[in-house]
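Colleague: Quick one: this structure, given as structure tokens, is what I'll be asking you about.
The values are calculated or read from the model by the stated rules, or taken from the named source; none is laboratory data. Remember, predicted model here, so these are calculated numbers, not experimental data. Counting neighbours? That spans all protein chains shown, and the Cβs are built from the backbone with ideal geometry, glycine included. Note: areas computed on protein heavy atoms with side chains; ligands, DNA, RNA excluded. Shrake-Rupley method; radii C 1.70, N 1.55, O 1.52, S 1.80 Å.
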Amino acid sequence: MAGGGGGPQKADEFQPHPIKDQLPGVDFCVTSPPPWRTHSLSVSLTQTHAEHYPVSIILYLPWMMDHRRKFFFFFVSVMFCLVAKKKWVVRKGNGFPEAISSEAILLGFQHFIVMLGTTVFIPTLLVPLMGGGDVEKAEVIETFLFVAGINTLLQTWLGTRLPVVMGASYAFIIPAVSIALSRRFDVYIDPHRRFKETMRAMQGAIAVASFIQLIFGFLGFVRIFGRYLCPLSAVPLVTFTGLGFFAFGFPQLANCVEIGLPALILVVFISQYTMKLKLPIFGRFAILFSVAIVWIYAEVLTAAGAYKKRPYTTQTSCRTDRSGLISAAPCAQQSWPMVMDLFPHVIVMIRIPYPFQWGSPVFNAGDTFAMMAAALVAIIESTGTFIAASRYGSATPIPPSVLSRGVGWLGVSTLLDGIFGSVSGSSASVENAGLLGMTRIGSRRVIQISAAFMLFFSVLGKFGAFLASIPIPIFAALYCVLFAYVASAGLGLLQFCNLNSFRTKFIVGFSLFMGLSVTEYFHEYFLISDRSPVHTRSIWFNNIVQVIFSSPATVGIIVAFFLDLTVSRGHSATRRDSGRHWWEKFQNFNTDSRSEEFYSLPYNLNRHFPSV
């Protein structure tokens, strides 16, 4: 038969894959937590030790040994319980209750490990520019973890209620670097004084910038944007939310190929090639297995002196003893000497971050404007992460009112960052959204458990510092896989669009190309000339332009959203070609009954704060 239209299809012909509002194949969705209890395995101290050290084994073991190397006992013990599919029971001792570990807790710990990369990378980059040393860097990392734990709980309870981790945002790096290098701080000779004054300026700028997110979210501007968002314009948004961070993947891995490449190979092999064993434990815990194996391997290379004669940059990337965090982390002996005199056998190392710990914030108009641009970019990138998390959590598309509510609580998170003294605002963690896809577990409960780990390790500084000393190339290897999962979630939205439409082809192709091309131009120009392509006398304006056009997700959604609303808008087929009819029933919260299942507020709060 001539032509391409074709007649009626035969019964044995292959049919296109059906379109799914909810992603199939997810083991545990947003509202279904993994099992809490499995078979029992008991681990206990002797009676003598239990009487002499009345603490749980989790606190006891690492600090009766060397702070760095012997902590592997704890980590390997966790991996043993993981492989044996057991729960970890610590016997009661002098009134201490049992400590039980289960699959859900280990999954939460895995999410905590993944978010550590960004949490460590940003302070490592910014704190030295501010005049701080290892002590200040350790304190900033602990503050990051503490605030991230609070923000994650707020987002999963009162925000979108999706399984997203709220962590540090890369969008704030450019204005933060501009503040750190400002000449007005050159008058401070003492590095610690310079660090405190720079931190106070960042606190003020971040706190004020948070009101952009609060206004856009709680006043409903994001809801208006969400009503016009369709699958076609969301494709470049979600895709670039993952692909936009490619610079933190293999380029960072290549700084230490000896440990980065084995980590990448292990993650891919364990997560993908062990499926035929029909043991979901490998796919679900591929990150923990890979990090443990490669970290021990890196420890062996460091102890053997493999990097003694290598360049300084290589040693910083490869060695496991160069972070300086463990020795710099505060402990109970330093913070509470009187408590240690009263309770000499209590081996607990605690420092609780508190608001304005480096002094009251200082406000500068130029710094604030640049941070506002970063807050706007954080809204866009978090929106892409929310959409990816909803897919991997097997939830329905996010109603615009729920999206607006989540952005409002994102503003609360950024405000807390400014109050507590983080060097960056918050955004939804892209890598943790990718981990939902890798594990096929999109449970909200798991993310809340990971938030508990953030709070735990933030106040117990030595513990958190040890885990934060994992070499950056190992995290970069994880990012190569996790960011790819988020990008694929964006490409998966093409199933709702008509790919035979030339309008669809143009909008998708052009927005993807411009999202890469424009940002690459801004990056290359900045690297070559050490300034933005827009170099006016107003540094804050230059920073605003640089921040916005350095984000592929921001450029991609600007182009796609504008074209979708203007190109052939009046044509009768446009609505179906864009996939708008598939998301139309989720435009209002009460139109589809499944929206209440996934996104309704707890404790009947919907009665007082109804979603529309």
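Colleague: How much net charge surrounds Leu601 when only the other residues with a Cβ under 15 Å from the Cβ of Leu601 are counted, with Lys and Arg +1 and Asp and Glu -1?
Modeller: Once positives and negatives cancel, what remains is +2.
Colleague: OK, next. Could you list the chymotrypsin sites (Phe, Trp or Tyr not before Pro) in the stretch 352-430 that lie in coil according to DSSP, counting only those with at most 16 other Cβ atoms within 10 Å of their Cβ?
Modeller: Phe356, Phe363
Colleague: Right, here's the next one. Return, ordered by residue number, the residues of the stretch 563-605 whose backbone nitrogen is under 20 Å from a label point located 7 Å along Cα→Cβ of Phe502.
Modeller: Of the residues in the stretch 563-605, 563-579 have backbone N under 20 Å from the label point off Phe502.
Colleague: So, one more: Each label point is 7 Å from the Cα along the Cα-to-Cβ direction; what then is the distance between the points at Ala303 and Arg531, in nm?
Modeller: Each label point is offset 7 Å from its Cα along the Cβ direction, giving 5.3 nm.
Colleague: Rounded to the nearest 20 debye, what is the charge dipole size of the stretch 466-578 about its Cα centre when +1 sits on each Lys and Arg Cβ and -1 on each Asp and Glu Cβ?
Modeller: Magnitude of the dipole: close to 380 debye.
Colleague: Sticking with this one: With point charges of +1 on the Cβ of Lys and Arg and -1 on the Cβ of Asp and Glu, referenced to the Cα centre of the stretch 100-499, which listed residue (Ala388, Phe144, Gln495) lies farthest in the positive direction of the dipole?
Modeller: Final value for the positive-end residue is Gln495.
Colleague: What does the net charge come to around Arg537 if you take all other residues with beta carbon closer than 15 Å to its beta carbon, with K and R at +1 and D and E at -1?
Modeller: Spelling it out: positives minus negatives among the neighbours equals +2.
Colleague: For the stretch 423-451 and the stretch 527-572, write down the distance between their C-alpha centroids in whole Å.
Modeller: The stretch 423-451 and the stretch 527-572 have Cα centres separated by 28 Å.
Colleague: Next up: What is the percent carbon and sulfur in the accessible area of the stretch 100-499, measuring with a 1.4 Å probe over the protein chains and ignoring ligands?
Modeller: Here it works out to 69 percent.
Colleague: Just the number please: accessible area per residue for the stretch 367-445, 1.4 Å probe, all protein chains included, in Å².
Modeller: Accessible area per residue, the stretch 367-445: 14 Å².
Colleague: While we're on this one: Considering only DSSP states other than H, G, I, E and B, which trypsin sites (Lys or Arg not before Pro) in the stretch 525-604 qualify as loop sites with at most 14 other Cβ atoms within 10 Å?
Modeller: Arg531, Arg537, Arg569
Colleague: So what is log10(I(q)/I(0)) for the stretch 100-499 at q = 0.12 1/Å, when the Debye sum runs over its Cα atoms only?
Modeller: For the stretch 100-499, the Cα-only Debye profile gives -0.94.
Colleague: Tally Lys/Arg at +1 and Asp/Glu at -1 over every other residue whose Cβ is under 14 Å from the Cβ of Asn498; what's the total?
Modeller: It works out to a net charge of +3.
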